[in-house]
Every structure is written in structure tokens, then in C-alpha cells.
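No value in this document is a laboratory result; all are computed from the given coordinates. Model, not experiment: these values are computed from the prediction. Cβ atoms come from the backbone with ideal geometry, glycine included; neighbour counts cover every protein chain shown.
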């Protein structure tokens, strides 16, 4: 068996099938409605920002990814990730730090 065939077989054996969900360059797409966001206890921590948890697809079911704290970044704001409806499907847009816009 050729090395390329062995690598393909190994990758296929360990790949997790995503049923009803697939990734794109800017988002994950699901065909069923994500569950409501879970409430998480957030404790104020000076110098840190809490990134909310979110639902993601784990095979054919929804799983929760817990929120976490990130150190604040001067001159930036954090935009939370979110699921948006896109026709008959839903897209998850990753959150991230964006430069703060100063209006005068």
C-alpha cells in the first residue's frame, strides 16, 4: 500500500463525522436550531473579560463549550460569537477582539 493511501486511511479512521453541521472558512453551519444559551456564573475579575460559552455540534448532537476569561486588551473590544439564521440553516460566527472605534 502506498504511503498516501495509508495516510488517507488513518485520517479517515480518526475523523469525527459531523452530522447536520459543517465548517466553512468563517463559520460553522448547522441545519437544526441551536438550543438556548446556558446561563453561566460570571465573577467580576479586574483586567479580564468573560467570553460567553456557546453550543457546537458534536457528531449528531449539540454540546456546550463553557465560557472562559481572557485578559483585557487596551484599545480593543470583544465581540461575542453567535449563531445567525441563514435561510434554512444556522451559521456560527466566531467571536474575537476588534479595534475600538473612537468617534469624535
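Overview of results
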| quantity | calculated |
| --- | --- |
| Sequence of 104, 91, 71 once ranked by neighbouring C-beta atoms within 10 Å, starting from the fewest | 104, 71, 91 |
| Fewest-first ranking of 49, 90, using other Cβ atoms within 10 Å as the exposure measure | 49, 90 |
| Length gained when the stretch residue 41-residue 84 is fully extended (0.36 nm per residue, less Cα-Cα span) | 13.0 nm |
| Neighbour-count order for 69, 44, 28, fewest beta carbons within 10 angstrom listed first | 44, 69, 28 |
| Rotationally averaged projected area of region 17-99 (alpha carbon convex hull; nm²) | 6.3 nm² |
